[in-house]
Amino acid sequence: MSKAAAAPRLTGKLAKAFRFALAAHEGQTRKGTNVPYLSHPMAVASLVLERGGSQDQAAAALLHDTVEDCGVSYGLLARSFGAPVMRIVKDCTDSETTPKPPWMRRKLAYIKHVKACHPRSLLVSAADKLHNASSIVRDVRRGGKSVWKRFNAEPSQILWYYGALLRQFQRRRADAPEGFAILVDELGAAVRQLRELPC
């Protein structure tokens, strides 16, 4: 029987990242809902820790949308949380400008980016996509086809995007620790569920 890896030591950095994300996402909600947006980075951080991620990866998970959706700069993240956390956030960001580029252009660029992003970033990116895909599955099952109207893309485009991301993650399974492979399998299951939803 293999010996379990030691749990990461959690320090004030994680609490600081939580407070930062809480302030940055103040007043934001998940698309088409009244659910506080912070629930998403919290869920992503939880997935990261449950799959063996480090404190820096968990902090980056809490912060992963602060550049894209809150106008936070990479410089501020680097000064506040260190270059490794900033690098992971950068690898999880598909838009750095306001207004954002068109949906398809952003998604094509991100799929290409996953081919070369840092191995430490893969766990956080996969956890982010897993939580988003699982949320769509849950919400469409509860709310019906009208849920798709929340998004800036057609259901067929969203299904294409998650399938394309899944293939890129599968190609990089060997580049990251075991927890990443588990997330990829879970994302695969979520993608299959997405494809079964009414559109």
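Looking across the stretch 1-60 at every residue that is charged (D, E, K, R) and not in a loop (DSSP other than H, G, I, E, B), the one that is farthest from G82 (Cα to Cα) is identified as E50. Restricting attention to the stretch 1-50, the residues that are among the charged types (D, E, K, R), closer than 21 Å to N132 by Cα and over 14 Å from the mean Cα position of the chain (by Cα) add up to 3.
The residues of the stretch 115-171 that are touching an Asp or Glu at 6+ places or on another chain (Cβ under 6 Å) and either among the β-branched types (V, I, T) or within 24 Å of C199 (Cα to Cα) (or both), listed by number, are L130, V147.
Inspect all residues belonging to the stretch 90-98 and state whether any of them is among the basic types (K, R), at pLDDT 95 or above and closer than 25 Å to R167 by Cβ.
Within the stretch 90-98, one or more residues are among the basic types (K, R), at pLDDT 95 or above and closer than 25 Å to R167 by Cβ.
One residue is enough: does the stretch 159-178 have a residue meeting the conditions farther than 20 Å from A61 by Cα, outside any helix (DSSP H, G or I) and out of contact with any Pro (no Cβ under 7 Å at 6 or more places or on another chain)? The answer is no, given that none of the residues of the stretch 159-178 is farther than 20 Å from A61 by Cα, outside any helix (DSSP H, G or I) and out of contact with any Pro (no Cβ under 7 Å at 6 or more places or on another chain). So is T98 surrounded by fewer than 16 Cβ atoms within 10 Å (Cβ to Cβ) and assigned to a loop (DSSP other than H, G, I, E, B) or not? Criteria met by T98. Residue count for the stretch 51-62, restricted to those that are crowded, with 24+ Cβ neighbours inside 10 Å and in contact with a Ser or Thr (Cβ under 9 Å, 6 or more places away or on another chain): 4. One residue alone among S134, S80, S156 is part of a helix (DSSP H, G or I), in contact (Cβ under 8 Å) with a residue 40 or more places away in the chain, touching a Lys or Arg at 6+ places or on another chain (Cβ under 8 Å) and among the hydroxyl-bearing types (S, T, Y), and that residue is S80. Is it fair to say V147 is β-branched (V, I, T), over 23 Å from N34 (Cβ atoms) and part of a helix (DSSP H, G or I)? No, not satisfied.
Right, Y110: buried (at least 17 other Cβ atoms within 10 Å of the Cβ) and of a type in the set (F, W, Y) or not? Against the criterion (buried (at least 17 other Cβ atoms within 10 Å of the Cβ) and of a type in the set (F, W, Y)), Y110 qualifies.
The values are calculated or read from the model by the stated rules, or taken from the named source; none is laboratory data. From a predicted model like this one, the values you see are computed outputs, not experimental measurements. Methodologically, a virtual Cβ is constructed for each residue, glycine included, from the backbone with ideal geometry; neighbour enumeration extends over all protein chains shown.
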